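The values are calculated or read from the model by the stated rules, or taken from the named source; none is laboratory data. If you're wondering where the values come from, they're calculated on a predicted model, not measured in any experiment. Positions of Cβ are backbone-derived with ideal geometry, glycine not excepted, and every protein chain shown enters the neighbour counts. All accessible areas refer to the heavy atoms of the entire protein, side chains included, with ligands and DNA or RNA removed. Shrake-Rupley method; radii C 1.70, N 1.55, O 1.52, S 1.80 Å.
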Amino acid sequence: MNRYGAEFVGTFWLVLGGCGSAVLSAAFPHLGIGLLGVALAFGLTVLTMAFAIGHISGCHLNPAVSIGLWAGGRFPAGQVLPYVVAQVLGGIAAGGVLYLIASGKSGFDVTAGFASNGYGAHSPGGYSLGSALVSELVMTMMFLLVIMGATDRRAPQGMAPIAIGLCLTLIHLISIPVTNTSVNPARSTGVALYAGGWAISQLWLFWLAPIAGGILGALLYRLIGTAPRD
């Protein structure tokens with residue numbers, strides 16, 4: 001239960017920190033943190049939690065990561081579902097706290113998006129379903145490749161949280177204009193349930209593409225990262 005609790009708290013922090021920066025701070029009058037700030041916020045949530053709970057649960061914070069690590073031979077199948085449940089519940093709890101904070105401002109409108117992920121008319125840059133699918137698939141694939149490589153026993157020890165946090169920051173810098181960046185079904189679900197409407201109807205993509213990408217990334221690392229035989 002320690003591991004599941006750690007995943008709940010870690011995912012709570014990721015969604016509150018990342019989506020909270022987007023909802024509360026990105027366009028704050030005159031001093032908004034903008035796209036760069038939101039991207040950095042997501043990276044910092046993973047970086048800080050990796051140091052805080054990595055030794056407890058591995059700090060997955062993401063169903064696509066748990067499933068990808070299973071596909072990569074790094075995580076037991078029997079732990080996948082409990083991890084995913086804990087992550088999704090943590091994301092939903094964070095969405096609720098963020099809603100309570102954001103709704104305290106006059107004029108707040110949750111239907112405006114609430115940092116939800118979307119495509120087509122709901123993509124920040126107006127990108128199509130096809131573009132969103134490719135973006136989420138490839139970005140999550142590269143995320144799992146970095147995670148697998150950074151946590152390999154042959155990699156420099158103690159540096160994995162930095163590499164993984166910076167990788168997530170880079171992913172957001174690339175893909176926020178396309179989908180608002182998911183690469184994480186728990187992050188998407190945690191805010192979509194409060195935004196409702198289109199955010200829920202498009203949520204399927206932000207489960208399908210990250211999970212498929214996570215599996216591909218893990219398998220790719222198994223292909224290129226296997227230690228050569230003497």
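Which one of these is open to solvent by 50 Å² or more (accessible area, probe 1.4 Å), over 17 Å from Thr169 (Cα atoms), of a type in the set (Val, Ile, Thr) and part of a helix (DSSP H, G or I): Val85, Val80?
Answer to the check: Val85.
Just one of Ile164, Ile147, Ile171 is within 28 Å of Phe51 (Cβ to Cβ), touching a helix residue (DSSP H, G or I) at 6+ places or on another chain (Cβ under 6 Å) and open to solvent by 20 Å² or more (accessible area, probe 1.4 Å); which is it?
Selected residue: Ile164, the only one of Ile164, Ile147, Ile171 that is within 28 Å of Phe51 (Cβ to Cβ), touching a helix residue (DSSP H, G or I) at 6+ places or on another chain (Cβ under 6 Å) and open to solvent by 20 Å² or more (accessible area, probe 1.4 Å).
Can you tell me which of Ala64, Ala27, Ala41 is at pLDDT 95 or above and open to solvent by 10 Å² or more (accessible area, probe 1.4 Å)?
One residue alone meets the criteria, Ala41.
Can you find, within region 120-138, the residue that is farthest from the chain's Cα centre (by Cα) among those that are within 18 Å of Ile171 (Cα to Cα) and open to solvent by less than 30 Å² (accessible area, probe 1.4 Å)?
Ser123
Can you name the condition, by its number, that Leu69 falls short on among (1) part of a helix (DSSP H, G or I); (2) within 23 Å of Ala39 (Cα to Cα); (3) among the hydrophobic types (A, V, I, L, M, F, W, C); (4) open to solvent by less than 60 Å² (accessible area, probe 1.4 Å)?
With respect to (1) part of a helix (DSSP H, G or I); (2) within 23 Å of Ala39 (Cα to Cα); (3) among the hydrophobic types (A, V, I, L, M, F, W, C); (4) open to solvent by less than 60 Å² (accessible area, probe 1.4 Å), Leu69 is out only on (2).
Right, Leu203: under 18 Å from the mean Cα position of the chain (by Cα) and surrounded by fewer than 23 Cβ atoms within 10 Å (Cβ to Cβ) or not?
Answer is yes for this residue.
Given (1) at pLDDT below 95; (2) among the small types (Gly, Ala, Ser); (3) surrounded by fewer than 18 Cβ atoms within 10 Å (Cβ to Cβ), identify the lone condition not met by Gly113.
All conditions are met except number (3).
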